[in-house]
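Novice: Input: one structure, supplied below.
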Amino acid sequence: MEQKTVVDTSLRELRRHGSDDFPIGIYRDDFSEFEHGQIAWHWHDEIQFDYIIKGTILVQVGTSEFVLKPGESIFINTGMLHRLVPVDEKRRELINSESDTHVIDSFVCSWKLAESDRLSRAYRECVAPLLLAKTDGLVLSKEESQLLRKMAEQYRKKETGYEMAVKGCLCLLWASLVEKGISAARQIQLKEERDLARIKEAMTYMQQNFSCKVSLEDVAQVVAISKSELCRCFRRVLKVSPMEYLIQFRLEEASRQLLSTDKSVTQIALETGFDSPSHLGRFFLKEFGCTPRQYRGRKR
């Protein structure tokens, strides 16, 4: 029978992992046993570690992607949307997994297992910084991956005192990841700040030259980056392309002039960077649901 990741309408996983007094579940997952041969998109409040045993796995966390091979592992932070899919390493294509060809150990646990007291120094200095770090996923070192293997071994043997052994491994792993998580968060912050600076410079140029012919190459040269990187910056932050932003700005200026001046539609079109009145009209209809003349008549 196929396994399925049971989620609610927000893709939050509904499965309970462990118990209230020992909130951790460690699972041996064979991808051939899952619906569509993959662990579908979901998220949960617990943190997660995945250790690759067999096959190559594509781990998607938020907008980031990680391709992991046997012996490698990853940390997925609380609340992060993620999925895991078998991949053909030679061709990097998603594949349907056959029995026992793509297998992982999955560790899902509450951060409270490491430190439940929010007032403690350990929580303030170690737990909170990693939980709050804006990291999608962190690939673990060989030493950190070995801690996961040891944790799984202790969990499955369930010998006397195994709970302390499992918690001990988790605490050692957490301590190792804190600095890595904070460093990754700093890199993300620096990247965001760099993106914002580039976008601000690009927007300023487009706003100052919107009435002229402006190409993507023109804007990229001003910001001193490639056209593709400029597009990625805009998509990451504004969710639109540079040219889409320019069209939106031109439409805003055209709509302002339609209401505040008696200029003809032709004059406004040419002064706001459109090739012709019909060019303006086409974008205007798409944005406002009416022609420039209809817009002027309705708003005045």
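Read the figures in this text as sums done on the coordinates, not as results from a lab. Treat the numbers as computed from the prediction; the structure is a model and nothing was measured. In this analysis, Cβ positions are derived from the backbone assuming ideal geometry, glycine residues included, and neighbour counts consider all displayed protein chains.
Novice: Can you tell me the orientation of helix 142-157 relative to the chain, as the angle in degrees between its alpha-carbon axis and the longest Cα principal axis, to the nearest 10?
Specialist: Long axis of 142-157 versus the principal axis of the chain: about 50 degrees.
Novice: Something else: With +1 on the Cβ of every Lys and Arg and -1 on the Cβ of every Asp and Glu, and nothing else charged, how large is the dipole of the chain about its Cα centre, in debye rounded to the nearest 20?
Specialist: That gives a dipole near 1280 debye.
Novice: Could you give the length gained by full extension between Asn209 and Glu193, i.e. 0.36 nm per residue of separation minus their alpha carbon distance, to one decimal place?
Specialist: 3.3 nm
Novice: Net charge near Leu270: determine it from the other residues with C-beta under 13 Å of the C-beta of Leu270, scoring Lys and Arg +1 and Asp and Glu -1.
Specialist: Within the 13 Å Cβ shell, the charges total 0.
Novice: Follow-up question, since we're still on this one. For the pairs Lys239/Lys286; Lys112/Lys158; Lys239/Lys263; Lys200/Lys263; Lys191/Lys227; Lys191/Lys213, note any where the Cα-Cα span goes beyond 28 Å.
Specialist: Over 28 Å apart, Cα to Cα: Lys239/Lys263; Lys200/Lys263; Lys191/Lys213.
Novice: Specify the angular offset, from 0 to 90 degrees and rounded to the nearest 10, of the alpha carbon long axis of helix 277-288 from the longest principal axis of the alpha carbons in the chain.
Specialist: 40 degrees
Novice: What size of dipole, in debye to the nearest 20, comes out for the range 209-300 about its Cα centre when the only charges are +1 on Lys and Arg C-beta atoms and -1 on Asp and Glu C-beta atoms?
Specialist: Result for the range 209-300 is approximately 440 debye, rounded to the nearest 20.
Novice: Now for a separate question. Answer with one residue from Phe107, Leu270, Ala165: the one whose Cα lies farthest towards the positive end of the charge dipole of the chain, charges on Cβ with Lys, Arg +1 and Asp, Glu -1.
Specialist: After comparing all options, I get Leu270.
Novice: Also, quick follow-up: Could you state the angle between the C-alpha long axis of helix 162-208 and the longest principal axis of the C-alpha atoms of the chain, as a value from 0 to 90 degrees rounded to the nearest 10?
Specialist: Orientation of helix 162-208: about 10 degrees from the principal axis.
Novice: Now for a different question. What three numbers, in Å, describe the spread of the alpha carbons of the chain along their principal axes, ordered from the longest?
Specialist: That works out to 86, 46, 37 Å along the principal axes.
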